[in-house]
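> Here you go, one structure.
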Amino acid sequence: MTEWEAVIGLETHVELQTNSKMFCGCPVDFGDEPNTAVCPVCLALPGALPVPNEQAIEGILSIGEALDCTLTENSLFYRKNYFYPDLPKNYQISQYTFPLCVDGRVDVDVDGESTTVGITRVHMEEDTGKSTHVGQSGRIHGAEHTLLDFNRAGVPLVEIVTEPDIRSPEQARAYGTELQRIVRAIGVSDARLEEGSMRFDANISVRPVGEEKLGTRTEVKNVNSLRSMQRAIAFEITRQVEILEGGGSIHQETRHWDEAKGMTRSGRTKEESEDYRYFQDPDLLPLHIDGAWRDRVAARRPELPTAKRERYMSLGTDRRTADLLVDAGDLAGLFEEAIALGADARNVGIWLTGEVVRYLRSEGVDVADTGLTAASLAELATMISDGDLSATAAKDVLAAVLAGEGTPREVAVARDLLQMSDSTAIEAEVLAVLDEHPDALAKIQSGDTKPIGFLVGQVMRATGGKADPRMVQDLIRRRADG
Amino acid sequence: MPVEIDIARVASLARIALTDEELAAYAKQLENILEHAERVQALPTDGVEPTSHPLPMVNAFRPDEAKGSLDHDAALAGAPDTEDGYFRVPKILDES
Amino acid sequence: MTDLADLTIAEATAGLRSGDFTAVDLLDAVELRAAVSESQLHAYLTLDREGARTAAQAADQALADGDTRPLLGIPVAVKDNMVTKGVETTAGSQILAGWTPPYSGTAVKRIEDAGAVIVGKTNLDEFAMGSSTENSAYGPTRNPWNTDTVPGGSSGGSAAAVAAGSALGAYGSDTGGSIRQPAALTGTVGAKPTYGLVSRYGLIAFASSLDQIGPIAQTVPDAATLLEAVVGWDPLDATSYHGDVPAISRSLDAGVGGVRVGVITELMGDGIDPDVLAATRTTIDQLADAGAEIVELSLPAIEYALSAYYLVAPAECSANLARFDGVRYGLRVDGATTEEMMAKTRAEGFGPEVTRRILLGTYALSAGYYDAFYGQAQRVRTLLRREFAAAYEQADVLVSPTAPTTAFEVGSKTTDPLTMYLSDICTIATNLAGDPAMSVPVGLGEDGLPIGFQVLAPSLGEEVMFQVAAEVERLAGFSHRAKLATSKVVAP
């Protein structure tokens, strides 16, 4: 019985959210109307010429640097030649030999186990326009004609290619998630798969465990979320193993993931393979990234997800909370400010990633749209640790704070939710209740713990629910112990 | 050294529809020209860097400023076929 | 009284500023010359009468205000591969028939900003590929010296217009000699500047690392004026030169005393017409008499320049012309699928020479052949540049004939492409090197047709190049005028 190993490499395209396109001054942030952000350059009118966007170069260098890549000293732009109607020049300006960044790595955590995925290269290219196939199904098969919108043509695109180091769909997803975090941390793209600002293609092959030679691989495209990427890879691995175990062989091809049907399907096989005839683009000069430039890129490296995660954990949050905060920039900001005000990190973290997130989701708002500030958050956390609020009361207070009713203390006072934590006052209540139920104390002293709950309940009722139940129980036990 | 060219493949890569006659004629012409051009192979060029730019310049960039684009009508003005603001072409055979 | 259409730019400028005549007068004379000569010459594809008149009227207003812009009111022609907003631009091809650009190229804007009056767009070999203007999809241009002959190419229309007086000056483009060779064949001055000195934004690309826009004029000083109006860094062209522009016209009167003139051995023998060789030798002797130091220099790699060019230029053009696909502009031939539409459009829209070069270039770049063809050609380029650099340590300028023959008969070199390619042997190396070069008319051959003398200079060496060219012009005393340079109606 053969044991199979999957060998997976991922290619990721990231749209950089610069102000202008890669090679012309058209805006990257365009509206819905087609062909309104186009010019002679990105429409490839006769006589037009490309000039590279400096900020886009800085962006890709930051990405490469964050992935621990070596930044190439002399890098070149190439033309990748093929005909397709959404590619105005019928060549794409891209890179081939001497890409901007090479030989990097990303540490990826899969179920608590740390693995490393090698990055072969990171290079700069330009996006194509969008084609809409009009016909029966909106898909390319059976289309009658095609409509073209070139607003997206020329948007800066960064391509990140991994070594074939990935061994499972879970690891692929973990890599994708971490890459997304890194890109967002740098701030060059919102990296959203649903919107197409981040796209994944997977190269997948399988081989018997122990075999060094790589199996024939297929390329899987059209995954619109990290979850579908994981599913698609899992499906493809199974499909390939089944074929090989049945004595068949894998056909090298591009396959498309069909989300609805949960399967990959063969792309139309081209009669002949494409020959891109790469040559250095004579309209563009070489890129010279000297030592000083490389230093500037390294100096502006932001705190990357791994570092941030570790810092939050060292402050007292658990791993899960740290992960959630790392993924939610606006919440992380509040977290850090609240900590700076002296609040307990663990508490703040739990409440932020728990109740606050629940509220935001159900109301469908961002935290900036709520009444919650770092100061309020800090105050709430402190009131909880001080015992001024029970967990239940805190939930109500928080909801009110989010809705803009005021600070936690103001809300607690207004709604009379402050917990009684003055031990003298509580003791008085405890004594009063014990007086009313004299035999209860005797039962407790004889080893019966059931009356404790009853007595606590009585005290809570007497204090209108405001006594700190832990303190009440504590006092009762002490009384029982004498 | 005679050069043999798969002219049909070349014409397909170049997206030019040629008749068999035309293909044969071009193939012959290309072979003649290439026999002449091939002479470059006689020159020793080990260790010689290729020239892709006559002037030794690097790093020509533009600042990341969004400037005006073409007026929408001007952009579509020369188009052979449009629909609702889109450029329109026949169906595409190959998948991207 | 000289017909205004026969004035040089310098003379016209002086006359305009003195108020001897107006810019509108000048335009009228030029348009009359065009009216009389065009039926035989076909130098123009488009005459922008309205635009020219508006520009001439504006120029007259500016002149009255004391404006001294260098080309104010001067009627010039622009090669039809230079994009002009609102004026049809075809690149001499069917694939752009009727295309009216929504923008103007940088050089065109600078020409307009200098106050020039753009008379119209001139004929060219399709997409600038050719040496005779016979490859134009709109019919050839004839040489005003003998209408059975070609004006050279690819800037044949621009050269013919200047030679005939249907423009006082013109702009063309030069990728392998396409300004200089037509200038030589039409008895005009034509210059290709250092690569990068003139913006290529708006020049319909043929071979991106070789193309340059340059002037064609009746005299060397006129050519300098035309060139100065368009040089300088352009942020829209990444390959445009960012440094200080050479002082092109500063040394026009300096003479050649002590100037070292290198004669390129390889271009002074095989393949050059005896008449042309004789005229070249005479001019070299004249330069020696005028104080130049003559030295013979060998640049062996020049023998390979033609071969390298016919790998590099087609390769780049095969990608540059891929955008002509019937999708966004230009000709479309319908097809059942987009693939079919594109293939049919390009088959019908491109002429044979263009098709040939696209196929050649595609092949040279294709898998398995890249290194032997394109890769090797780019390395040969480096060898050439080294040889030129070494030569310029021993000489301030280099000289040679511009073209191997005088103007040849229409149809005489069109059977075998290689025969036509040989017209470029003297000019091609400078494009590969990126250096400037220019042609000056020095005499007539036995056949009564003009002969051009080429002056080459190192990169950014325009000042010394124009300096020597101006002296060559003075020494040659070429004052002939083409037969068709007259406003009188002549029998064809």
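The values are calculated or read from the model by the stated rules, or taken from the named source; none is laboratory data. The structure presented is a predicted model; accordingly, all values stated were derived computationally and were not measured. Heads up, the Cβs are rebuilt from the backbone with ideal geometry, glycines too, and the neighbour counts pull from every protein chain shown.
> Of all the strands (runs of 3 or more DSSP E) wholly in the stretch C:67-182, which have at least 3 residues that are touching a residue at least 40 places away in the same chain (Cβ under 8 Å) and more than 30 Å from C:P417 (Cα to Cα)?
Per the criteria, C:117-122.
> What single numbered condition from (1) free of Cβ contacts under 8 Å to residues at least 24 places away in the same chain; (2) closer than 30 Å to C:E316 by Cβ; (3) surrounded by fewer than 18 Cβ atoms within 10 Å (Cβ to Cβ) fails to hold for A:A292?
The number of the failed condition is (2).
> Sticking with this one: Taking the residues in the stretch C:34-66 that are touching a residue at least 60 places away in the same chain (Cβ under 8 Å) and not in a helix (DSSP H, G or I) as candidates, determine which candidate is farthest from C:G152 (Cα to Cα).
Only one residue fits best here, namely C:D48.
> Okay, moving on. Would you please list the contacts, defined by Cβ atoms under 7 Å and residues six or more apart or on different chains, that run from a residue in the stretch C:227-245 that is more than 8 Å from chain B (Cβ to nearest Cβ) and in contact (Cβ under 8 Å) with a residue 24 or more places away in the chain to a residue that is polar (S, T, N, Q) and surrounded by fewer than 24 Cβ atoms within 10 Å (Cβ to Cβ)?
C:E228/C:S249
> Go through (1) assigned to a loop (DSSP other than H, G, I, E, B); (2) at pLDDT below 95; (3) more than 25 Å from C:Y309 (Cβ to Cβ) one by one and return the number of the condition B:A79 breaks.
So the condition that B:A79 fails would be (2).
> Within the stretch C:80-103, work out how many residues are surrounded by fewer than 24 Cβ atoms within 10 Å (Cβ to Cβ) and under 19 Å from C:S199 (Cβ atoms).
The total comes to 4.
> Evaluate the stretch A:421-438: report whether one residue or more is modelled with pLDDT under 90, under 30 Å from A:E337 (Cβ atoms) and not in a helix (DSSP H, G or I).
The answer is yes; a qualifying residue exists.
> Another question about this same structure. Every residue in the stretch B:27-47 that is in contact with a helix residue (DSSP H, G or I) (Cβ under 6 Å, 6 or more places away or on another chain) and touching a residue at least 12 places away in the same chain (Cβ under 8 Å), please.
B:A27, B:L30
> For the stretch B:82-96, enumerate the residues that are within 7 Å of chain A (Cβ to nearest Cβ) and either of a type outside the set (K, R) or in a loop (DSSP other than H, G, I, E, B) (or both).
Matches in the stretch B:82-96: B:E83, B:G85, B:Y86, B:F87, B:V89, B:P90, B:K91, B:I92, B:D94, B:E95, B:S96.
> Would you be able to tell me the number of residues in the stretch A:297-316 that are crowded, with 16+ Cβ neighbours inside 10 Å and touching a residue at least 12 places away in the same chain (Cβ under 8 Å)?
8
> Select, from A:P451, A:P469, A:P438, the only residue that is farther than 17 Å from A:V348 by Cβ and without any contact (Cβ under 8 Å) to a residue 12 or more places away in the chain.
Just one listed residue meets the conditions, A:P438.
> Quick check on the stretch A:382-402. Is at least one of its residues closer than 30 Å to A:S362 by Cβ and without any contact (Cβ under 8 Å) to a residue 12 or more places away in the chain?
yes
> I need the full set of residues from the stretch C:326-375 which are in contact with a helix residue (DSSP H, G or I) (Cβ under 9 Å, 6 or more places away or on another chain), more than 7 Å from chain B (Cβ to nearest Cβ) and among the charged types (D, E, K, R), in order please.
Answer for the stretch C:326-375, where residues must be in contact with a helix residue (DSSP H, G or I) (Cβ under 9 Å, 6 or more places away or on another chain), more than 7 Å from chain B (Cβ to nearest Cβ) and among the charged types (D, E, K, R): C:D334, C:E348, C:E353, C:R357.
> Of the conditions (1) at the interface with chain B (Cβ under 8 Å from one of its Cβ atoms); (2) in a loop (DSSP other than H, G, I, E, B); (3) of a type in the set (S, T, N, Q), A:Q55 satisfies every one except a single condition; which number is it?
Failing condition for A:Q55: (2).
> Need the failing condition index for A:P88 against (1) on the phi > 0 side of the Ramachandran plot; (2) in a loop (DSSP other than H, G, I, E, B), just the number.
With (1) on the phi > 0 side of the Ramachandran plot; (2) in a loop (DSSP other than H, G, I, E, B) applied to A:P88, the lone miss is (1).
A quick yes/no check of all residues on (1) within 30 Å of A:I63 (Cα to Cα); (2) polar (S, T, N, Q):
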{"site": "A:T306", "(1), (2)": "yes, yes"}
{"site": "A:Y312", "(1), (2)": "yes, no"}
{"site": "A:L315", "(1), (2)": "yes, no"}
{"site": "A:D323", "(1), (2)": "yes, no"}
{"site": "A:A343", "(1), (2)": "no, no"}
{"site": "A:E355", "(1), (2)": "no, no"}
{"site": "A:L360", "(1), (2)": "no, no"}
{"site": "A:T370", "(1), (2)": "no, yes"}
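> Given (1) surrounded by fewer than 14 Cβ atoms within 10 Å (Cβ to Cβ); (2) in contact with a helix residue (DSSP H, G or I) (Cβ under 6 Å, 6 or more places away or on another chain), identify the lone condition not met by A:S266.
Against the list (1) surrounded by fewer than 14 Cβ atoms within 10 Å (Cβ to Cβ); (2) in contact with a helix residue (DSSP H, G or I) (Cβ under 6 Å, 6 or more places away or on another chain), A:S266 comes up short only on (2).
> Yes or no: the stretch C:185-195 includes at least one residue that is modelled with pLDDT of 95 or more, within 14 Å of chain A (Cβ to nearest Cβ) and farther than 30 Å from C:G445 by Cβ.
Yes, there is a match, as at least one residue in the stretch C:185-195 is modelled with pLDDT of 95 or more, within 14 Å of chain A (Cβ to nearest Cβ) and farther than 30 Å from C:G445 by Cβ.
> Of the residues in the stretch A:389-425, how many are among the β-branched types (V, I, T) and crowded, with 21+ Cβ neighbours inside 10 Å?
Number of matching residues: 3.
> Something else about it: Within the stretch A:152-173, work out how many residues are in a loop (DSSP other than H, G, I, E, B), buried (at least 24 other Cβ atoms within 10 Å of the Cβ) and not β-branched (V, I, T).
Of the residues in that region, 2 qualify.
> Confirm whether C:V490 is farther than 23 Å from C:P144 by Cα, among the β-branched types (V, I, T) and either part of a loop (DSSP other than H, G, I, E, B) or modelled with pLDDT of 95 or more (or both).
no
> With respect to B:I16, determine if the residue is of a type in the set (V, I, T), assigned to a helix (DSSP H, G or I) and either at pLDDT 90 or above or out of contact with any Ser or Thr (no Cβ under 7 Å at 6 or more places or on another chain) (or both).
Here the answer is no, as B:I16 does not meet what is asked.
> Go over the candidates B:E65, B:E21 one by one and state the one that is surrounded by fewer than 20 Cβ atoms within 10 Å (Cβ to Cβ), at pLDDT 95 or above, more than 7 Å from chain C (Cβ to nearest Cβ) and closer than 18 Å to A:P40 by Cα.
Of B:E65, B:E21, the one residue that is surrounded by fewer than 20 Cβ atoms within 10 Å (Cβ to Cβ), at pLDDT 95 or above, more than 7 Å from chain C (Cβ to nearest Cβ) and closer than 18 Å to A:P40 by Cα is B:E65.
> Report the residue count in the stretch A:191-218 for those that are in contact with a helix residue (DSSP H, G or I) (Cβ under 7 Å, 6 or more places away or on another chain) and in a loop (DSSP other than H, G, I, E, B).
2
> Same structure, new question: Can you tell me which residues in the stretch C:246-258 are away from chain B (no Cβ under 14 Å) and touching a helix residue (DSSP H, G or I) at 6+ places or on another chain (Cβ under 6 Å)?
C:A247, C:I248, C:S249, C:R250, C:S251, C:L252, C:A254, C:G255, C:V256
> Determine, yes or no, whether C:N135 is out of contact with any His (no Cβ under 7 Å at 6 or more places or on another chain) and either under 22 Å from C:V30 (Cα atoms) or modelled with pLDDT under 95 (or both).
no
> Residues A:V155, A:V223: which one is in contact (Cβ under 8 Å) with a residue 24 or more places away in the chain, within 14 Å of another protein chain (Cβ to nearest Cβ) and of a type in the set (V, I, T)?
Matching residue, one of A:V155, A:V223: A:V155.
> List the pairs whose first member sits in the stretch C:296-310 and is facing another protein chain (nearest Cβ under 8 Å), whose second member is in a loop (DSSP other than H, G, I, E, B) and modelled with pLDDT under 90, and whose Cβ atoms are under 7 Å apart, counting only residues at least 6 apart or on separate chains?
Final answer for the pair search is C:Y304/B:L43.
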